[in-house]
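Read-outs: derived from the displayed coordinates by stated rules, not from any lab. All values derive from a computational prediction rather than experimental measurement. Methodologically, a virtual Cβ is constructed for each residue, glycine included, from the backbone with ideal geometry; neighbour enumeration extends over all protein chains shown.
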Amino acid sequence: MVNNRDCGIALIGFMGVGKTTIGNELSKRLDMELIDTDKFIQEKMNISVQEIFKKYGEKDFRQIEKDVIRELNKKRNLIISCGGGVCLNEENIENIRKNNKVILLKASSETILKRLENDRKRPLLNGKMNKEYIEKIIEDRKENYHRAADIIIHTDGKSVEEITGEIMEKLFLK
Ligand code: S3P
């Protein structure tokens, strides 16, 4: 469990479900270090995720992401906020499941769209920021997200405190 100092937490789910916000709150409450894979990649490469997509393409981004997940797998007791596409790769799923309780955050396409509408930092949604497209990718990824998850949390209509409280309850009771 997470109070066993070797076990970390990985937050997964679609863009805009609140992984980073919830990760920050959990990090404070549990006094565990938070690493956001996108931020980690950006700092390591000294270039933004959007720029990586633009300059090198998605395939290269996925390779970098995979290397980062391998690297983080060697560390212990972290909260890892995973980019929304981490679970597209089987090796990533295996790796995050090795040392972490994996928490899937879910939100409706309406909520996601509201949160991301004016966002220019999600290259996959460039020019396709609409409910139908979001629903399509969620559907395509659903099986992977569910297979990777130990705990599933529905976030619609809940505050950060409520979501974090629910996660802690499930982590410590499970
Ligand atoms: C992606 C999600 C993004 C980022 C990249 C690709 C995805 O992270 O890794 O734009 O494929 O869902 P967030 O989920 O943190 O937005």
Relative contact order for the chain using alpha-carbon pairs under 8 Å, separation at least 6, rounded to a whole percent? 33
Cα-based shape type of the chain, given that a ≥ b ≥ c are square roots of the gyration tensor eigenvalues and the cut on a/c is 1.5: oblate
Taking 0.36 nm per residue of sequence separation and subtracting the Cα-Cα distance, how much length would be gained by fully extending the chain between Asp119 and Asp6, in nm to one decimal? 37.1 nm
Among the GluC sites (Glu not before Pro) within region 62-126, which fall in a DSSP loop and have no more than 13 other Cβ atoms within 10 Å of their own Cβ? Glu117
Which ³J(HN,Hα) values in Hz, rounded to whole numbers, follow from the phi angles of region 19-35 under the Karplus curve 6.51 cos²θ - 1.76 cosθ + 1.60, where θ = phi - 60° and Gly and Pro get x? 4, 6, 4, 5, x, 4, 5, 5, 4, 5, 5, 9, 6, 10, 6, 9, 10
Name the lysines eligible as straight-distance cross-link partners of Lys59: C-alpha to C-alpha under 22 Å, and not fewer than 8 places from it in the same chain. Lys39, Lys44, Lys121, Lys128, Lys136, Lys142
If I stretch the segment between Lys98 and Glu132 completely, what's the gain in nm (0.36 nm per residue apart, minus their alpha carbon distance), one decimal? 8.8 nm
As a check on your grasp of the helix formula, calculate [θ] at 222 nm for the chain: sum -39500 (n - 2.57) over DSSP H runs of n ≥ 4, divide by the residue count, round to the nearest 500. -16500 deg cm²/dmol
Could you tell me the distance between the Cα centroids of region 76-132 and region 4-25, to the nearest Å? 10
